[in-house]
Amino acid sequence: MASLSLRIDDDLHARLSRRARSVGITVTELVRPSLEQAADPRSGYVYSTQDEILSGVIQTLAIVAASVRKRSPELLEQGMADARQMLADRGLLAPEERQ
C-alpha cells in the first residue's frame, strides 16, 4: 500500500486526532474517505481554496449576464445553454439541472 505524507497546521492535526479518538479510529481511517471521494471522478465538485475566487468570478458574470439580458435576451439564453453544456460535460451540473 502506498503512503502519503503531507504538512498540515498543528491545530488541524490536533483537531483531527481528537475527532478520530472520539469515534475510536485512527487519523488515517478518518481522512481516507475524504481522499477517496476527492479521487473519485463521479463524486462531482471537490471544494478547494479557490472557491473564494470562483465566487467572485460568478458574481462578476452575474453582473455581465444582467447587462446582456437587457440588450439581447436571445444572446443571454444561448450563453446560458452553452454554460450549462460545459458544466454538464465536466460533471458539475446535476442531471435534473440539464436542459
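Only the coordinates and a few stated rules stand behind these numbers; no lab work does. These numbers come from a predicted model, not from an experiment. In this analysis, Cβ positions are derived from the backbone assuming ideal geometry, glycine residues included, and neighbour counts consider all displayed protein chains.
Figures for the structure shown
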quantity	calculated
Alpha-carbon spread of the stretch 34-75, three principal axes, descending order, Å	46, 21, 7
Percent breakdown of C-alpha pair distances by 5 Å bin, ordered from the shortest bin, for the chain	2, 10, 12, 15, 15, 11, 9, 9, 7, 5, 4, 1, 0
Most positive-pole-ward Cα, ALA81, ALA62, ILE8, against dipole of the chain from beta carbon charges	ILE8
Å³ per residue enclosed by the Cα convex hull of the stretch 10-65	119 Å³
Taking the chain and dividing mean pair separation by its residue count, relative contact order in percent (alpha carbons under 8 Å, at least six apart)	16 percent
